[in-house]
Structure formats: structure tokens, C-alpha cells
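Take a look at the structure set out below.
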Amino acid sequence: MLQSNHKAKGAAKMYLQILKKDLKRKRAMNVILLVFIILASMFMSSGVSNIITVTTALDRYFEMADVPDYFAMNQNKSSGKDIRRTLENASAINEFRIEELVRMSQSNITRVGEPLNASDLGQTLVLQSGRDMGINYFLDDGSILKSVPKGTIYATRFTEKNMGLKVGDRIIVEVEGVSREFTFAGGFKDAVLGSELTGVKRFIINGEDFDEYMSNETIKTMYNGKTLYIHTADIDRTKSQIADISDGFTFEGSMDILNQAYIFDMIITGLILIMSLILIIISFVILRFTIAFTLSEEFREIGVMKAIGIRSIKIRGLYLIKYSAISVVGAGIGLILSYPFGKMLMELSTGSIIIDSSSNAFVNIGCAVLVAAVILLFCLGCTGRVSKMSPIDAVRNGQTGERFRKKSIMSLGKSRLGTTAFLAANDIVSSPKRYAVIILTFFLCTSLLIILSNATASLKSGKLLKYFGMADCHVVTNVGDEAMKFMTEDGHEKVKKYLEDMEQTLAENGMPAKCMTEYFMYPMIKHGEYESKTALLQGTGTTTDMYEYSEGTPPQNSGEIAITTILAKKLKAAVGDTVTVSYPTGERSEYIITALYQAMVNQGTSVRVHNDCDINYLSAVGSPGTQIKFTDAPDDKEVLRRIEKIKELYPKFSNVKTAGENVSDTTGVGDAIDAVKKMSAVLTVILAALITVLMERSFIAKEQAEIALTKAIGMRNAKIYGQHTLRFFISAAAAVLIAEFLGMPLTKLCFDPIFGSMGLEMGVEYVQNPVEIYAVFPVIVLAATAASAFFTSLYTNKIKSSDTANIE
């Protein structure tokens, strides 16, 4: 018994000594393996946590904000008493809340002592009381806005950012002669109207301050409105019971509409999800290769241990212990790093929603444990080869001395390549699986960069303007103080006069241009038994052939109309059918559908009437801005110069922007995607360097005899460095070329479904940044790869020509 215990202790001591020597002798390889285990654990833990957070983010946010089942915003068409009575009498309604509001434009707000540089082009602003808040509004620290002190004002977070407001700023809000000064107290997140696509942004003030505005009869009559929040189990029944007040609704929706309204905001979290998945895949691919490759190089040690009588199962146990120790340490460090890394990723979100990942701590721990378990499974599978090895492998360097096929399809005698290039290319074609791992990982990293670049360029391009119901132009600006004055019975004529005057002013200042604008309203459209609330657009200064259609011909007269393909499906209508449009003013008109088109306006449900159609602009609710198309074809620099000139001519305009800047403001995510892209570029460089170092260090260990032979026949170190660097460069170049070739199809694969859910079922015209895709990204990937391969290849200096032994 004592002898048995003594043997067990001796065996354990021997194993411990073997492990210590192995860790010291192969320090570089073990450190690199540890780094990738750390990365795998970090990416896996933060990635899965972020995936769970992302997929539940909106639902959680809506739940925390107490978003109702149905909501609507109206103009002052009905008295508050009638609205309240109607809601109280609706049996389908479980609960309702009402917020009073005053409609404004950007020109109603000024900052004391300096100009207010607003970029919320085309947004409708509303002022409301903090006395009766229908949902929960969240401050920057995540707390709920409970009350607003007198003399202070809060703004929707995007409005705060785009107007350049800072806490403590003194601003003046003036509407129809009622002017009050407020101290800006900060921004808040608004679940119902917080998305850029809703086009409505709130300012909240104290109830007593709000009453001072409402005491003005003009404001109460012309600018007053209400936001209704309705909790119900049957939305259709609710709509039918409140139909007598719905004509005055300028905006309405349900939870489904909100999910679509936040689609651009979710692009960022979706990209974070994709990035996390790619990082997880890369980490496990590299780990699988590293463990398999490292164990394949242990032929000498395994052969010696078998020669002294150690059984295969004990040898496998020895390696399992080694990798268990490394994986536990790596997984633990990765777990610790996953928390700040995951938080950093989520902070790249646009910030319009609250993303709560605090409950995912156990998810991170579980993923770290899973990484360690998967590594051991990899090791268990790879150590299966141990039973096939024999003591003779220690003598033959793992070679059997037999080969029944050509090692490579390349022949030095027939090749026109130089020695270095031939050897590099021959290495790749001789071991395709080995270099396929490198190509795959670099392809994934580069593809992500290209997808992000295409998305950023597209979401900042004026070419997307047509998908927002606007004609092509150079510049977009707001209409200043005239915005509300156009929403009258003869508003259409006033708009025409306004545009004609602007064209004349611009021409007199050396800027010949065509000025245009769009006004929209929310009527009810009906075809047979089917009906839908829709956005109706009418262009002034445009012609109907300036827009893009997917089917039919543009409306030619006031009795014709074009509708979106999504609306056509809802109404079961087609080109040639007649529809009835009921305006909020009570007027009705019949139109013939002559064309179908696609647009993201109102989540894809909108119609366009002819420019000559006689519409009472009392129904109008706003305009995305005045468009200016210069007729003398100026270049981009000249357009920017003219923008500055327009600002001087029209100082009341709160903003004047290029078409691309307008698209970027409307989607609100271009800058955020750009931030994700930059971070991805940094990660790509780091991963490229780490992967190259790991692979090259592994290859040098395996190819020691071959390197020694090339030195023995007189090859200089410089050529060896070149061979080792060039083969990685070729692999990375192949990955980059494949990624560039597949870049646009992958972009469409990722983003077409997103745009499709917004009404663009046929996709969009994507824009590329050639400098980034064909110059910047290839350079950073290839440079990182080449530099890492070269500096790692210097390790071959330690190999001498005398190391040639036991070569097949």
C-alpha cells in the first residue's frame, strides 16, 4: 500500500515537472494560446450578453417607459372635453392619458447671447407641460423625469444634441408674442417620439409656465394639440369607438409602428451583434487550429513518454491538465475584461433607447465557463492522435518516411517566379487547410469593415433622399417663421409665392436654382372595404416625373395619384383602381391610381398627389424643408460656398444643409455606424497582428528542419524572411480581394431586410467609399499582416544549418 502511494506521488511529481518544463520551453506558444483564450472568453462573454441585450432591448425599453398599446397626436380640431368624453365612453379602452402640447418650429427657440445652430431639419417641435406626463421619460442617468421646476426646460435627447444645447444654457421660447426664458436642465429619452424617423421632438416645461402660453387665444386656437396614450386589448375596436375624433389625428401608431420607427437605431445594436458573432467565430477557429497544431508538434515528447512506458490515457490526461490550467486562467481574465468591453460596444449605440444589460452578469460567467469547456473538448479531440503515435515518432520527428503523392502541384523548374515568391506560393498550395484558416479570419474582419463602410456612405448620401419622398437636390433648408403660416386654407398658394421669391433672390445673388418643397398631411384613404391612415405628400416647385416609380406612370393631373407598394397591398389596390381620400378638414376626393413607388415615409405607407391638386392646407402638418437644386451644375466645393451665402441671405433659417447631411440627420445613425467602423478597424489590426504572430510562430516550430536545410544550401536570412512574410501577405491579399468582391452582396444581405421593413421592398441604391474600400482597408490589413509576419520571422535566426536531421 505504501509502495503504491509512493509510486502515485512520484508519478504526480513527474507530471508536474513535465508541465513546468513544457510551459517554460514553449513559453511563446503558450502565451499566444493564452491570449487567444482570453480573447475568445472576452468576445464570447460580451458577445452573447450583447446579443441577449440587443434582441430584447426595445421590448424592455417600451416596458420601462410604460408605452401604451395605441397612441395618437392631434391638432386642435376638437375640444379637450369632447376628446376626453369620447375616450371615457369607449368600452374597449382600459386606460388613457392625455398630454397638452403647443406646436412650434425651430425658429421659436433662441439661445441667450449666441445663435442656436440647430440641425433638426424638418423636425416638428412641441412644447408640453410636465404636469401630466403620459409615459415615463428617462434622464441621462437612467432615472425617470418626475417633475420640472419652474423656469427650467428639458428636451428630447436628439434635439439636445442637434441644437448644441448644454446644461445651464439660457434659452428663450417665443410663440405668438408669448416669450419666456428658461434654463436648460438636460435631455431625456422619449420612447414614443424619440426616434429620428417620427419627425416630432418634445420640450417639457413646468405646468405653470405652460399655462402662460395656453392663456394666449391664438396659441390655444392655432398651435394647441394633444397626445393621447391608450391602453387597450383590442386596437381595432378602440379605433372604431373613437372614430369621431380620429380625423384630427396628425400622427398615430401602435407598438408595431414603434418597432419600425426605431429600425435605424437598432441597426447599431444589430451591427454590434454581427461584430460579436464574427469575433466569436474567429476566436474559436484560431483556438481549434492552435490546439490541434500544438499537439501535432508534441511528437517527440509523446514518443519519449511512450518509450518509458507511460500509457496513452495518462499522456492525454497530462495535456488535458495543461490546457485546463491555461483555459481556466484565460477564461477568468477574459471574463473580467468582457464587462468593460461589452459596455464599450453598447455605448456605440445611438443613445435614443435605454439598453439595460445589468441582468446579464451570469450570462458572462456561463459563457466563460463554456469557453473553458469547449477548449477542453478541442483538446480531448486532438489528443486522440496520441494513441496512434509510437516511440519511433520521437526519432523520426513525427514522420513515417512514406509519401504516395506529390507534395505540391507547383514545380520550381517550370515556374517563372523568383525563389522567394515560389517558396511562399508553394507553401500555401502545399498546405491549403492551414492557410485557409488565415484567409477565413482575415476575410471576416475585412468584410465587416466593408459592410460598415457601405452602410455609413449610404446613410450619409443624398442618393437616399428619394426614399424619404423628396426630389433630387443640392441643398435642404427649413422654411423658418413661414412654416406655420403655410398651414392655412390658401397655404398652397403661399408656398408657391414663397418659392418664387426665393428663386429670384438666389438668382440675383449668382445662384440660379429651382426651389421646391413638400408638404404632408395624414388623411384616411379607402379602396372598397379596405382603408388606412396614410401620409399624403404634395410637392410644390416639382413635377411628378422628378420622383422614382416602380410601376405605372406619374400622375398627370389633379385627379390622379401614386401610392406605395405596401399601401397598395393593404388596400388590395392596383394601378387603374379608384381610391377615396378623406382629409382631416372633412373634405373628400376621389383619385385614380396611376403609379406605384416605394418610400420610407410613414413606415412605407404614403401617397403622392399631383402638384396642381387643390388641397386645403389646414390639413397640413409639416414639411421636411425647402429643397434647392442649382441649375448651373456647381461642384461640391461651390455648393458648400453657396450654403454659407444662403445663411447670410436668410439669417432666420436655423439650418442649411447638403442633401447628404439631411439624410444623415434624418436617419440619425450615420455617425454611430462610423464609430463602430473605426473600432472595428482597430480590432482588425490587433487581430491580424495576433493571428499572424501565432501562425508564423507555429509554422517556424514545425518547419525547423526545412529552414535549416535552406540555410545549409546557402539561402540568406533575408530571403527566408521574405518567404515567410510573403506567404502571409498573399493569404491576406486573397482574403481582401474576396471580401471586396463580396462586399456589396453582403451589404445587401445585411441591410436590405432592414430597409425592406421600412417600405423599400426592392432595396436601395447603396453608395461606396472607394478610398476606404480599395485603399485604406487593404493597406491597414496588409500592413499589419506583413509587419507582424516579418518581425516574427526574425526568430528563424535561431535556427542553424546543423539542425537538418531526420528529414523525409
For SER550 and LYS150, extending 7 Å from Cα along the Cα-Cβ vector and measuring point to point gives, in nm, a value of 5.6 nm
Using the Cα centre of the range 202-254 as origin and beta-carbon charges of +1 (Lys, Arg) and -1 (Asp, Glu), tell me which of THR238, THR250, ILE204 is placed farthest towards the positive end of the dipole. THR238
In terms of solvent-accessible area of protein heavy atoms at a 1.4 angstrom probe, what is the ranking of THR585, THR542, highest value first? THR585, THR542
Given unit charges at Cβ for Lys, Arg (+) and Asp, Glu (-), the dipole magnitude of the range 691-757 about its Cα centre in debye, nearest 20, is 340 debye
The pairs in LYS201/LYS637; LYS496/LYS652; LYS463/LYS647; LYS239/LYS570 lying past 28 Å Cα-Cα in this model are LYS201/LYS637
GluC sites (Glu not before Pro) within the range 761-804: DSSP coil, no more than 14 neighbouring Cβ in 10 Å: GLU765
Report ³J(HN,Hα) in whole Hz for each residue of the range 770-778, in order, from the Karplus equation J = 6.51 cos²θ - 1.76 cosθ + 1.60 where θ = phi - 60°; Gly and Pro get x. x, 4, 5, 6, 9, 10, 5, 5, x
Protection proxy ranking, peptides 519-527, 469-477, average beta carbon neighbours within 10 Å, highest first: 469-477, 519-527
Could you check the spin-label model distance between ILE52 and ASP141? Points 7 Å from the Cα along Cα→Cβ, value in nm. 2.8 nm
Rank these by accessible area, largest first, 1.4 Å probe: TYR583, TYR774, TYR530. TYR774, TYR530, TYR583
Find the accessible area per residue for the range 729-805; the probe is 1.4 Å, ligands and nucleic acids are left out, and the unit is Å². 47 Å²
Using the Cα centre as the reference, give the magnitude of the dipole from point charges on the C-beta atoms of the range 511-625 (Lys, Arg: +1; Asp, Glu: -1; all else neutral), rounded to the nearest 20 debye. 300 debye
May I ask you to give the percent of accessible area on the range 429-581 that is carbon plus sulfur, with a probe radius of 1.4 Å? 51 percent
Where only alpha carbons of the range 551-650 are counted, the Rg and the Dmax (Å): 17.7, 50
Å² of accessible area per residue within the range 562-642, as computed with a 1.4 Å probe and no ligands counted: 39 Å²
Given the peptides 178-184, 723-729, arrange them by the average over their residues of other C-beta atoms within 10 Å, most packed first. 723-729, 178-184
Mean projected area (nm²) from the convex hull of Cα positions in the range 136-264 is 9.5 nm²
Quote to one decimal, in nm, the extra length available between ARG60 and ASP635 on full extension: 0.36 nm per residue of separation minus the C-alpha distance between them. 202.3 nm
Sequence of PHE284, PHE71 when ordered by accessible area, the most exposed leading, probe 1.4 angstrom: PHE284, PHE71
Per residue accessible area of the range 672-728, 1.4 Å probe, in Å²: 36 Å²
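The values are calculated or read from the model by the stated rules, or taken from the named source; none is laboratory data. This structure is a prediction, so every number in the text was calculated from the model and none was measured. Cβ coordinates were reconstructed from backbone atoms using ideal geometry, including for glycine residues, and neighbour counts include every protein chain displayed. For accessibility, only protein heavy atoms count, side chains too; no ligands or nucleic acids. Shrake-Rupley method; radii C 1.70, N 1.55, O 1.52, S 1.80 Å.
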